[in-house]
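Participant: Starting off with a structure, shown below.
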Amino acid sequence: MAQKLRYQRGQFVYRQGEGGGNLFRADTGLVRLVQLTPRGRTLTVRHVLPGDYFGEDTLTGHTHPQGAEALTNATITTFDPTELDERTLLDMARNLGEQLQRTITHEVHLQSGDLRVRVVRYLLELADTPLGAEDTEDRLYVRATHELLAEGSGSTRESVSKVITELRDAGLIETGYRHITLLRMGELREIAARAAQPNGEEHA
């Protein structure tokens, strides 16, 4: 039978390498699938939005190749994969296809553009998730740390911090504790749309 569970921000639903058992669906909040590389770096593989299913590795009997971490407080429904009805199976298949398309787009973004472009793209991506909100002046902001941005843009915290400083000095964003306010949205979208420059310098 389906069961609803609540997770706090930073809590893992399951960790990389754990055995499968249940399927999951995020009902509220934002979950990310993360993978630890052999060198100890954490990479964001995909975001799980409200309505998304995850933990599908259990259907093949494999251990989870990524961990599932709640980025916000989240309510999650668990399912026994042996007791899924036809409606739930069809809903899950459709949703996993949608997630695959989002993941492909994210991977393309990781491999095109310099780090400044990738960081801006990721900020705009997060703004459309439960990490995004509006302040009292109707300005859009993202609840994100430099470490999270590094893990989602395929870089290091130090390099991302340098880019964030450059964007702040240019008046494109404002920064505060664990959040970044997006100011000049038109210019930020223009930056996000840029392709990699053939001879441009790229931050590591």
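The values are calculated or read from the model by the stated rules, or taken from the named source; none is laboratory data. Predicted model only: the values in this text are computed from it and were never measured. Methodologically, a virtual Cβ is constructed for each residue, glycine included, from the backbone with ideal geometry; neighbour enumeration extends over all protein chains shown. What goes into the accessible areas is simple: the full protein's heavy atoms, side chains included, and nothing from ligands, DNA or RNA. Shrake-Rupley method; radii C 1.70, N 1.55, O 1.52, S 1.80 Å.
Participant: Give the residue that is nearest to Gly19 (Cα to Cα), with candidates limited to residues of the range 50-68 that are outside any helix (DSSP H, G or I) and open to solvent by 30 Å² or more (accessible area, probe 1.4 Å).
Facilitator: So in the range 50-68, the residues outside any helix (DSSP H, G or I) come out as 50-55, 61-68.
Now narrow it down to the ones that are open to solvent by 30 Å² or more (accessible area, probe 1.4 Å): 50-51, 61-63, 65-66.
Numbers: Pro50: 24, Gly51: 23, Gly61: 8, His62: 7, Thr63: 4, Pro65: 10, Gln66: 11 Å.
Among those that are outside any helix (DSSP H, G or I) and open to solvent by 30 Å² or more (accessible area, probe 1.4 Å), it is Thr63.
Participant: Can you name every residue in the range 186-195 that is more than 25 Å from Arg32 (Cβ to Cβ) and either of a type in the set (Gly, Ala, Ser) or modelled with pLDDT under 90 (or both)?
Facilitator: Across the range 186-195, the qualifying residues are Gly186, Arg194, Ala195.
Participant: Restricted to the range 111-128, and to residues that are farther than 12 Å from Leu149 by Cβ and among the charged types (D, E, K, R), which residue is most open to solvent (accessible area, probe 1.4 Å)?
Facilitator: Within the range 111-128, the match that is most open to solvent (accessible area, probe 1.4 Å) is Asp128.
Participant: Now, a different point. When the range 120-160 is examined, which residues are found to be over 22 Å from Thr28 (Cα atoms), of a type in the set (Gly, Ala, Ser) and in contact with a Leu (Cβ under 9 Å, 6 or more places away or on another chain)?
Facilitator: Matches in the range 120-160: Ser153, Gly154, Ser155, Ser159.
Participant: Which residues, counting only those in the range 7-40, are open to solvent by 60 Å² or more (accessible area, probe 1.4 Å) and either farther than 15 Å from Thr78 by Cβ or more than 19 Å from the chain's Cα centre (by Cα) (or both)?
Facilitator: If the condition is that a residue be open to solvent by 60 Å² or more (accessible area, probe 1.4 Å) and either farther than 15 Å from Thr78 by Cβ or more than 19 Å from the chain's Cα centre (by Cα) (or both), then Gln8, Arg9, Arg15, Gln16, Glu18, Asn22, Gln35, Leu36, Pro38, Arg39 are the ones that fit.
Participant: Give Glu107, Glu151, Glu147 a once-over and let me know the one that is closer than 18 Å to Glu69 by Cα and within 12 Å of the chain's Cα centre (by Cα). Write out each step before concluding.
Facilitator: Working: Glu107 fails: closer than 18 Å to Glu69 by Cα; Glu147 fails: within 12 Å of the chain's Cα centre (by Cα).
After ruling out the rest, the residue left standing is Glu151.
Participant: Then there's this: Within the range 69-100, take every residue that is among the polar types (S, T, N, Q) and more than 14 Å from the chain's Cα centre (by Cα) and give me the one that is surrounded by the fewest Cβ atoms within 10 Å (Cβ to Cβ).
Facilitator: So the first thing to find is which residues in the range 69-100 are among the polar types (S, T, N, Q), and the list is 72-73, 75, 77-78, 82, 88, 95, 99.
Then drop every residue that is not more than 14 Å from the chain's Cα centre (by Cα), which leaves 73, 75, 77-78, 82, 88, 95.
Details: Asn73: 15, Thr75: 15, Thr77: 15, Thr78: 16, Thr82: 5, Thr88: 15, Asn95: 17.
Per the criteria, the residue is Thr82.
Participant: Quick check, is Thr105 more than 21 Å from Pro50 (Cα to Cα) and hydroxyl-bearing (Ser, Thr, Tyr)? Don't jump to the end; show me each part of the working.
Facilitator: On the way: more than 21 Å from Pro50 (Cα to Cα): no; hydroxyl-bearing (Ser, Thr, Tyr): yes.
Criteria not met by Thr105.
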